[in-house]
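The values are calculated or read from the model by the stated rules, or taken from the named source; none is laboratory data. Just so it is clear, the model here is predicted, and its values are computed rather than measured. Neighbour counts run over all protein chains shown; Cβ positions are idealised from the backbone, glycine included. Side chains are part of the model used for accessible areas, which takes the heavy atoms of the whole protein and leaves out ligands, DNA and RNA. Shrake-Rupley method; radii C 1.70, N 1.55, O 1.52, S 1.80 Å.
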Amino acid sequence: MMNRRVMVKVPASTANLGPGFDTLGMALSLYTWIEMTIPSDGSTVIELHGDGLEGIPTDKSNLIYKVAQQVFEAAGAEVPELQIAMYSDIPLTRGLGSSASAIIGALTCANALIGNPLSDDALFQIASELEGHPDNVGASLFGGIVVSAWDGSRAEKVRIEPHADLDVLVAIPSFQLSTEKARHALPTQISMKDAVFNVGSSSLLVAAFASGNLDLIAFAMRDRLHQPYRAALVPGMEEILDQATEHGALGVALSGAGPTLLTLVHKNSPRKAELDAFLSETLGKHGIQAQTMWLKPCAEGPEITVSSKQQEQLFMERIKGEVRA
Ligand code: HSE
């Protein structure tokens, strides 16, 4: 165990998919990489690579370090010092599950470092507790589309293979929106009518994904539980939710707590450029700068590579060919 070097590549995720608030998640082809080794002597070193990571602590208050310690504690192992390197292509605080990816990366990496004593289910329970909901962490851990329910002490899930014809187009606004702020915008009570609407939509959406019925997505992705209350936080969102299907989307939703907007698109759609322009122009019209990005659902969870500490290639050299930048 002392001689291991573990690297993990973890997918980003989108949560809710419209009506499945805190329940549905889908892994996306955008990644975070984390590498861990146990230093032979010396103390903890945390290297963060990539843009937008300023302000993230590099001491023992770092999230990845703290989550790794939870694994060691649960497994009865003592590993007080760690060398950690991290790079992420997932923009922070935009609704693409960057914190869930960091949590899943830390859990799977630390677990592999000590010989995988904890099951994926055990990691899923820790991650759901840490995030407070299982949607993003479930998708990053299991890949594909993950339907999960959490009762406050236990999370259960069923994974659905994403349809091979699904492409994903996201519009990522340049401003950040914290999940906390986006959750504060939600009411404490909703009407029975809206609850029934969401139960129907979310159930139908899951059935549509499971049966491969892509034509039902637009109808089933509608939501009355959170998106209407969050619309004021993302100028242009209402128009995009109302009109994206008229511009070639199979369905549209706020990605997680936002501000990213997510559309599902048939991979052979002839209207991809039109949809791309519609998203950018609509946000632009409301004074919001945004970057659009074409992604795929990611069918796999974390990809773990275990090598020996003698592996001398530097972390950034090892992932160079795969990162977006
Ligand atoms: N389900 C969560 C929400 C995802 O919408 O608040 C963001 O963490």
statement: Exactly one of 276, 242 is closer than 27 Å to residue 201 by Cα, outside any strand (DSSP E or B) and either open to solvent by less than 60 Å² (accessible area, probe 1.4 Å) or of a type in the set (A, V, I, L, M) (or both), and that residue is 276
message: What's the number of the only condition in (1) outside any loop (DSSP other than H, G, I, E, B); (2) within 16 Å of the ligand (Cβ to nearest atom); (3) under 21 Å from the mean Cα position of the chain (by Cα) that residue 256 fails to meet?
response: (1)
- request: Test residue 306 against the criterion of being assigned by TED's automatic domain parsing to the domain that holds residue 127 and either at pLDDT 95 or above or assigned to a strand (DSSP E or B) (or both), and give yes or no.
  value: yes
Filter result (hydroxyl-bearing (Ser, Thr, Tyr) and touching a strand residue (DSSP E or B) at 6+ places or on another chain (Cβ under 6 Å)) within the stretch 281-298: 292
- prompt: Has the stretch 113-125 got at least one residue that is of a type outside the set (Ser, Thr, Tyr), closer than 25 Å to residue 51 by Cα and assigned by TED's automatic domain parsing to the domain that holds residue 54?
  reply: no
field: Top-ranked residue of the stretch 116-137 - restricted to ones that are within 11 Å of the ligand (Cβ to nearest atom) and in contact (Cβ under 8 Å) with a residue 24 or more places away in the chain, ranked as farthest from residue 161 (Cα to Cα)
entry: 131
query: When you scan the stretch 1-85 for strands (runs of 3 or more DSSP E) that lie fully inside it, which ones turn up with 2 or more residues that are within 16 Å of the ligand (Cβ to nearest atom) and under 24 Å from the mean Cα position of the chain (by Cα)?
result: 4-15, 24-37
message: I'd like to verify a number: residues in the stretch 27-71 that are farther than 26 Å from residue 292 by Cα and of a type in the set (A, V, I, L, M, F, W, C), how many?
response: 9
